[in-house]
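Down below is the structure, laid out as structure tokens.
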Amino acid sequence: MAYPRQRVTLITLGVTDLQRAMEFYRNWGWQPHPESQPGIAFFQMHGAALALFGKAELAADQGRPAVELGTGAVSLAQNCADEAEVDAVFAAAMAAGANCLKPPEKVFWGGYSGYLADPDGHVWEIAANPFWPLADDGSLTLPEPG
């Protein structure tokens, strides 16, 4: 069976303190997957999974020095149905220990979004985009042009 190339099935975040990172994501409302094990934590998402893995171990797995692994040049995004949901998700992240980079606000492209960083500096955008409606399960499919 051939699979489409335009997909991401696993996002792995290198973290300096796995227990602290797991606690942050649990406190933010994420549920660890039962396949989590010592040294790596998994969280099931819609059609993909998020993994937390020690930064030094991730660098070794990639064959690179840990000092080459950085954060912040990529942002993960969680789209929400509306501004109220953005505010609720953002507030939950702040209560869990996130660092506010930019509070949610109306933005130039017509939506509403804010940016936060997890305790390891991984950047998340929490947004509502009125041009990209979400399915009932929260998944996003970009609209057809035209």
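The values are calculated or read from the model by the stated rules, or taken from the named source; none is laboratory data. Every value quoted in this text rests on a predicted model; they were computed, and no experiment measured them. Cβ coordinates were reconstructed from backbone atoms using ideal geometry, including for glycine residues, and neighbour counts include every protein chain displayed. What goes into the accessible areas is simple: the full protein's heavy atoms, side chains included, and nothing from ligands, DNA or RNA. Shrake-Rupley method; radii C 1.70, N 1.55, O 1.52, S 1.80 Å.
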On average, how much accessible surface per residue is there in the chain, in Å², for a 1.4 Å probe, leaving out ligands, DNA and RNA? 62 Å²
What part of the accessible area of the chain, given as a whole %, is carbon or sulfur when the probe is 1.4 angstrom? 54 percent
Specify which residue in the list 58, 122, 112 is farthest towards the positive end of the charge dipole of the chain, using unit charges on the beta carbon of Lys, Arg (+1) and Asp, Glu (-1), about the Cα centre. 58
Within the stretch 20-127, DSSP-loop chymotrypsin sites (Phe, Trp or Tyr not before Pro) with at most 15 other C-beta atoms within 10 Å are 108, 109
Charged-residue dipole, Cβ positions (Lys, Arg, Asp, Glu), the chain about Cα centre, Debye nearest 20: 340 debye
Pairs of Cα atoms under 8 Å, at least six residues apart: use those to get the relative contact order of the stretch 15-76, whole percent. 26 percent
Which of the peptides 45-51, 137-143, 98-104 is most tightly packed, and how do the rest follow, judged by the mean count of other Cβ atoms within 10 Å per residue? 98-104, 45-51, 137-143
Relative contact order %, the chain, counting alpha carbon pairs below 8 Å whose residues are six or more apart: 21 percent
Helical contribution to [θ] at 222 nm, DSSP H n ≥ 4, -39,500 (n - 2.57), averaged over the chain, rounded to 500: -6500 deg cm²/dmol
Measure out, as a whole number of angstrom, how far apart the alpha-carbon centroids of the stretch 96-144 and the stretch 1-27 sit. 17 Å
With label points set 7 Å from each Cα along the Cα-to-Cβ direction at residue 102 and residue 75, the distance between them in nm comes to 0.5 nm
